[in-house]
Amino acid sequence: MPANAVLHVADVHKNFGGLHALSDIDLQVEEGTTHAIIGPNGAGKSTLLNVCIGRIAPSSGAVVFDGEVITGKKPHEINQMGIVRVFQTPEIFPDLTLLQNVMVPAFAKRDGSFTVNAFQSANNQAEIREEAEHWLADVGLDAQRDTIAASLSRGDKRRLELAMGLVQHPRLLLLDEPTAGMSRHDTNSTVDLLKKFKERGMTKVIIEHDMHVVFSLADRVTVLAQGRIIADGKPEEVRGNPVVQEAYLGG
Ligand code: ADP
Ligand code: MG
């Protein structure tokens, strides 16, 4: 494993009964890169992500994060170590304001718990508030910080989730289809936001269907089909690969 690999998925297999959802998965995510995982429906992308965050135990193999085996750890332990997954996960708190939504994970990062009540009584509220305001501004939601989250548009809810992830200072950010269901306009502004994070050197894994998004963001692309890696390389290498085109068109 190269010295600069943040994440190493080492020879992971996952069976669901007789179904081989993941076979021989070996991949490395290098420091500071945006690594895209693409593939047709049912390819195993979500399963792979869930293995990385400790939600699904692999049938064999291991996941190594910053040189430490994390297989067998609980999802919250892995989260505390710095792997943050956004979208499809800790949903926003619809009845709280945007600012409160971001303060909850900011508090949890410091105190190791993720409850609404605990943070309301915290004595470092002012500091946490300031931090939450910073990340809300970073995703462009500062003007709406006192708005109730339930009233946000779909695109802005995603931004909020992103701020809730960023406030945890992720060592590795995992994004599960960040532009799913978005208009072209919202997709473009999400891409711009993710480009900004990329310029800061943030290490990211992104599962994405939209090829425009993949090719404008990824440094490296891993293609899964039927639980196996069928291609892996730079976007321009993967794009022209006939095996990849076959998997998409034939799948
Ligand atoms: P993708 O995210 O690439 O669409 P998934 O990882 O969700 O693919 O699924 C990969 C395969 O594993 C699919 O055939 C799916 O039906 C199956 N699968 C996923 N989760 C489970 C589960 N909990 N139990 C049984 N089969 C599952
Ligand atoms: Mg999926």
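Determine whether LEU162 is within 16 Å of ligand 2 (Cβ to nearest atom) and modelled with pLDDT of 90 or more. No, not satisfied.
Given the criteria of a type in the set (Lys, Arg), part of a helix (DSSP H, G or I), without any contact (Cβ under 8 Å) to a residue 40 or more places away in the chain and surrounded by 13 or more Cβ atoms within 10 Å (Cβ to Cβ), does ARG129 qualify? Answer is yes for this residue. Give segment 4-43 a look and list any residue that's within 20 Å of MET81 (Cβ to Cβ), in contact (Cβ under 8 Å) with a residue 60 or more places away in the chain and within 16 Å of ligand 1 (Cβ to nearest atom), or say none. Scanning segment 4-43 gives LEU27, HIS35. Looking only at residues in segment 58-90 that are part of a loop (DSSP other than H, G, I, E, B) and in contact (Cβ under 8 Å) with a residue 40 or more places away in the chain, the one that is nearest to LEU166 (Cα to Cα) is GLY82. Residues in segment 1-42 that are within 16 Å of ligand 2 (Cβ to nearest atom) and not in a strand (DSSP E or B): GLY39, PRO40, ASN41, GLY42.
The values are calculated or read from the model by the stated rules, or taken from the named source; none is laboratory data. Predicted model, so just to flag it, every value in this text is computed and none were measured. Reconstructed Cβ throughout: ideal geometry from the backbone, glycine too, with neighbour counts over all protein chains shown.
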